[in-house]
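Peer 1: Submitted below is the structure of interest, expressed as structure tokens.
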Amino acid sequence: MAVNNPCQALLRKIQQVEFVTLELNLYLNTHPEDQKALEQYNCMHRELCELKKQYEQQYGPLLNYGWGMNTGNSWRWAEQPWPWEM
Amino acid sequence: MKNFTFKVFPAQSGSENKQDEEVAKNSIEQPSVAKMDALWPETAKKCPPCVPLPPQMPCPPMEPMPTPPQMPCPPMGPMPPQMPCPPMGGLMAPPFTCPYFRLAHSYVPWQNYDVVYNPAEALCKGTLFPELHMPQGKYGPCEGPQPCRIHFGGGVPYGCE
Amino acid sequence: MWIYEKKLQYPVNVSGKNVQLAKWIITQYGGPDGELAASLRYLNQRYAMPTERAKAVLNDIGTEELAHLEIVGTLVYKLTKDASVAELKAAGLGGHYADHDRALFYVDAVGNPWTAAYIQAKGDPIADLTENMAAEQKARATYNWLINLSDDPQVTDVLRFLREREVVHFQRFGETLNYMQEYLNEKKYY
């Protein structure tokens with residue numbers, strides 16, 4: 001899992017934090033009353049939002065359909081490489 | 001369909017197939033040959049004349065069946081209505097204090113996590129939870145490159161052999 | 001609805017072109033125990049589930065399987081990128097080339113197209129959840145055999161991640177089944 005540049009490094013961090021929120025999400029689906037998991041989920045969710053905001057400001061949109069901001073004067077969604085090309 | 005032939009043993013003397021004759025000699029007495037191409041179409045709609053059933057094959061002498069090792073009988077009496085409660089951790093469902101385990105149902109132990117991996121380790125391992133981290137070979141014995149051969153000891157071959 | 005995020009769930013790198021390995025791995029794209037079958041099976045079973053928890057589990061695992069489908073697709077794409085016709089032919093992908101060129105398609109390791117007959121929705125929540133547990137086990141076993149076939153450590157790393165996800169999903173479906181059986185039992189008697 002070598003990381004070559006700052007963009008990829010930040011993306012990797014997002015993948016890691018998002019993976020933790022996914023695992024807690026699946027766990028909470030079957031353990032909805034687990035207070036510790038709820039607390040950890042909220043904590044990781046906050047961190048994930050921060051990281052995604054940071055990424056989108058620096059490297060372009062991660063999310064479309066109105067969930068991500070377009071920066072600059074042209075449509076950036078289709079400019080960045082797709083995941084299978086990176 | 002024209003050349004379709006039912007061969008019923010024993011074959012008549014004119015049979016072209018040597019192998020059939022060999023089989024025929026060894027087989028029990030059967031009705032004579034009925035060639036469908038000879039019967040079709042004139043007589044096909046009519047029931048063929050009834051023929052007496054061939055004599056029954058005598059039963060082979062009974063081999064004494066191998067006796068399976070006797071399981072000790074469980075003590076008679078009413079079964080307890082409920083499994084005893086397992087100790088805490090693992091089998092307890094969050095909303096049910098003492099789950100009732102029934103036959104012919106499947107259950108998975110409930111996960112109750114304690115420690116978790118850090119985010120980098122979690123992504124790398126494919127799970128946040130150390131107790132669910134079961135890499136190849138850790139889940140079961142059949143996961144390696146060699147074919148899995150597990151013998152459940154004490155068994156004897158059974159079936160048609 | 002779904003919102004697409006322009007990233008993979010797990011990073012995918014390959015050491016180089018490996019057409020033979022791609023031909024085997026594509027079974028997890030469009031084969032009987034592959035990610036497409038898994039995702040469509042779970043997302044479709046959601047509607048007939050009687051509990052909110054079961055719907056959530058099917059929804060979220062079905063969604064994660066779509067992310068896995070993209071990972072497997074990326075593996076196949078990268079392993080076959082710039083392959084020559086001779087290389088495709090040598091790996092037994094001449095037939096694939098004839099029908100699809102280098103495009104991905106939902107097929108198993110020997111080229112059979114994906115079919116809805118791979119999946120079921122019985123409408124009986126116990127039957128459906130039990131099918132899903134079996135599906136996770138079959139996918140885990142498939143990833144084992146693919147790991148045994150792989151000669152690219154970077155590809156093996158991705159397969160290892162996907163295999164572990166099957167173990168986690170099995171646990172969640174099992175817990176959902178536990179709860180479902182209790183729920184149906186309580187509903188019957190109280």
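Peer 1: Which percent of the accessible heavy-atom area of segment C:19-189 goes to carbon and sulfur, probe 1.4 angstrom? Present the calculation step by step, with values, prior to reporting the outcome.
Peer 2: Numbers: 3740 of 6540 Å².
Within segment C:19-189, the accessible surface is 57 percent carbon and sulfur.
Peer 1: Can you list which of the chymotrypsin sites (Phe, Trp or Tyr not before Pro) found in segment C:1-83 are DSSP loop residues with at most 10 other C-beta atoms within 10 Å? Don't jump to the answer; show the numbers that get you there.
Peer 2: On the way: sites: C:Trp2, C:Tyr4, C:Trp24, C:Tyr29, C:Tyr42, C:Tyr47, C:Tyr77; in loops: C:Trp2, C:Tyr4.
Within segment C:1-83, the qualifying chymotrypsin sites (Phe, Trp or Tyr not before Pro) (loop, at most 10 other Cβ atoms within 10 Å) are C:Trp2.
Peer 1: May I ask for the Kirkwood hydrodynamic radius of chain A, worked out over all distinct Cα pairs and given in angstroms to one decimal?
Peer 2: On the way: mean 1/r = 0.0688 Å⁻¹.
One decimal place: 14.5 Å for the Kirkwood radius.
Peer 1: With contacts defined as alpha carbon pairs under 8 Å and 6 or more residues apart, what's the relative contact order of segment C:19-189 in percent? Each step should come with its number before you reach the end.
Peer 2: Numbers: 202 pairs, mean separation 51.7, N = 171.
30 percent.
Peer 1: Also, quick follow-up: Whole-Hz Karplus ³J(HN,Hα) for segment C:23-35, in order, using 6.51 cos²θ - 1.76 cosθ + 1.60 and θ = phi - 60°, x for Gly and Pro?
Peer 2: 4, 7, 5, 4, 5, 7, 8, x, x, x, 10, x, 6
Peer 1: Let me ask something else. Report, in whole Å, the centroid distance computed from the Cα atoms of segment A:62-86 and segment C:144-182.
Peer 2: 31 Å
Peer 1: Before we go on, tell me the buried accessible area for the A/C pair, both chains summed, 1.4 Å probe, in Å² to the nearest 100. All intermediate terms of the calculation are to be shown ahead of the outcome.
Peer 2: On the way: alone 6790 and 10120 Å², together 14240 Å².
Its buried surface, counting both partners, is about 2700 Å².
Peer 1: Next up: Compute the angle between helix A:6-30 and the longest alpha-carbon principal axis of chain A, please, reported from 0 to 90 degrees and rounded to the nearest 10.
Peer 2: 30 degrees
Peer 1: Distance from the Cα centre of segment C:29-53 to that of segment A:4-27, in angstrom?
Peer 2: Answer, in whole Å: 25.
Peer 1: Report the accessible surface area buried between chains B and C, summing both sides, using a 1.4 Å probe on protein heavy atoms only, in Å² rounded to the nearest 100. All intermediate terms of the calculation are to be shown ahead of the outcome.
Peer 2: On the way: alone 15680 and 10120 Å², together 23250 Å².
Roughly 2500 Å² of accessible surface disappears when B and C pair.
Peer 1: Return the carbon/sulfur percentage of the accessible area of chain A, one whole number, probe 1.4 Å, all protein chains in place. Working shown, then result.
Peer 2: Working: 2650 of 4930 Å².
Here it works out to 54 percent.
Peer 1: Looking at segment C:131-154, which residues lose a minimum of 10 Å² of accessible area between their chain alone and all protein chains in place, measuring with a 1.4 Å probe and not counting ligands or nucleic acids?
Peer 2: C:Met133, C:Gln137, C:Arg140, C:Asn144, C:Trp145, C:Ile147, C:Asn148
Peer 1: Next question. Got a sec? Which residues in segment A:11-45 would a label at C:Asn185 touch, if it sits 7 Å along Cα→Cβ and we count backbone N under 20 Å?
Peer 2: A:30-32
Peer 1: Find the Cα radius of gyration of segment C:19-189, compare it with 2.2 N^0.38 Å by division, and give the number to two decimals.
Peer 2: Values: Rg = 17.7 Å, N = 171, 2.2 N^0.38 = 15.5 Å.
Compactness ratio reported: 1.14.
Peer 1: When only C-alpha pairs under 8 Å and at least 6 residues apart count, what is the relative contact order of chain A, in percent?
Peer 2: Numbers: 50 pairs, mean separation 19.7, N = 86.
Contact order relative to length: 23 percent.
Peer 1: Additional query: Taking the alpha carbon gyration tensor of segment C:1-54, what are the square roots of 5 times its eigenvalues, largest first, to the nearest whole Å?
Peer 2: With the √(5λ) rule applied to segment C:1-54, the semi-axes are 30, 16, 8 Å.
Peer 1: Per-residue ellipticity at 222 nm for chain A, helices alone: DSSP H runs ≥ 4 residues times -39500 (n - 2.57), over residue total, nearest 500 deg cm²/dmol? Spell out each step's value before the answer.
Peer 2: Details: 2 runs with 50 residues, N = 86.
Using -39500 (n - 2.57) per qualifying helix, the result is -20500 deg cm²/dmol.
The values are calculated or read from the model by the stated rules, or taken from the named source; none is laboratory data. This structure is a prediction, so every number in the text was calculated from the model and none was measured. Cβ: placed from backbone, ideal geometry, glycine included. Neighbour counts: every protein chain shown. Just so you know, the surface numbers come from the protein's heavy atoms only, side chains and all, with ligands and any DNA or RNA stripped out. Shrake-Rupley method; radii C 1.70, N 1.55, O 1.52, S 1.80 Å.
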